[in-house]
Amino acid sequence: MPAAFSAALAAIPAGDDALSSAFAAALPVYFADFWARQDDFAPFRAAVRMYAEPAGAPDPVLFDVRDRLGAITAPTVVIGGRHDFLCGPVWAHRLAEGIPGARLTMLERSGHFGHVEQPAEFADAAASVLSGT
């Protein structure tokens with residue numbers, strides 16, 4: 001997959017369509033088990049759209065708000081995918097530990113796209129904030 005990511009980065013100057021195609025090629029790595037369920041994920045993969053301008057823009061400021069997590073007072077559930085290589089369980093645990101009263105839901109059969117891989121479990125976790133359960 002490193003080659004797919006390199007291709008996606010190289011596609012930025014070619015524009016939105018080229019970047020979208022290159023990212024769709026790299027997309028399987030974001031899932032816990034893409035190839036076993038590729039037919040289920042085909043519509044999602046086909047709908048992926050990336051935009052070259054923001055993808056190629058330098059980040060103006062480092063985004064690190066860990067020291068401010070304790071100021072969050074809203075009911076919070078942190079939803080993580082057990083197989084997420086990008087924002088994995090370590091980061092989900094750190095978020096949940098840093099936000100007062102936060103609950104952690106770890107989707108055991110998901111990667112980065114838990115809302116696609118385990119939609120019912122994701123929705124239940126998100127709804128739990130509203131219901132207080």
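The values are calculated or read from the model by the stated rules, or taken from the named source; none is laboratory data. None of these values were measured; they are calculated from a predicted model. When we count neighbours, we look across all protein chains shown, and the Cβ atoms used for this are built from the backbone with ideal geometry, even at glycine.
General observations
- Residue in region 50-62 that is surrounded by fewer than 15 Cβ atoms within 10 Å (Cβ to Cβ) and either of a type in the set (Val, Ile, Thr) or within 21 Å of GLY114 (Cβ to Cβ) (or both) present: yes
- Conditions (1) in contact with a Phe, Trp or Tyr (Cβ under 9 Å, 6 or more places away or on another chain); (2) more than 17 Å from ALA57 (Cα to Cα); (3) at pLDDT 90 or above: number failed by ALA4: (3)
- Exactly one residue out of PHE23, PHE31, PHE41 is closer than 27 Å to ALA10 by Cβ, in the same structural domain as ALA7 (by TED's automatic domain parsing), in contact with a Pro (Cβ under 9 Å, 6 or more places away or on another chain) and surrounded by 17 or more Cβ atoms within 10 Å (Cβ to Cβ), and it is PHE41.
- Test: residue in region 77-86 that is touching a residue at least 60 places away in the same chain (Cβ under 8 Å) and under 14 Å from the mean Cα position of the chain (by Cα): no
- Selection status of ALA3, more than 19 Å from the chain's Cα centre (by Cα) and either surrounded by fewer than 17 Cβ atoms within 10 Å (Cβ to Cβ) or assigned to a helix (DSSP H, G or I) (or both): yes
- Qualifying positions in region 65-122 - touching a helix residue (DSSP H, G or I) at 6+ places or on another chain (Cβ under 8 Å) and of a type in the set (S, T, N, Q): THR76, THR105, SER110
- Unique residue being modelled with pLDDT of 95 or more and closer than 16 Å to GLY111 by Cα when the list is VAL77, VAL90: VAL90
- Whichever residue in region 63-104 is among the basic types (Lys, Arg) and outside any loop (DSSP other than H, G, I, E, B) and, among such residues, is surrounded by the most Cβ atoms within 10 Å (Cβ to Cβ): ARG103
- Among the residues listed as ALA32, ALA36, the single one being closer than 30 Å to ARG109 by Cβ, modelled with pLDDT of 90 or more, among the small types (Gly, Ala, Ser) and under 17 Å from the mean Cα position of the chain (by Cα): ALA32
- Within the option set ASP39, ASP33, being assigned to a helix (DSSP H, G or I) and closer than 18 Å to PHE113 by Cα holds for one residue only, ASP39.
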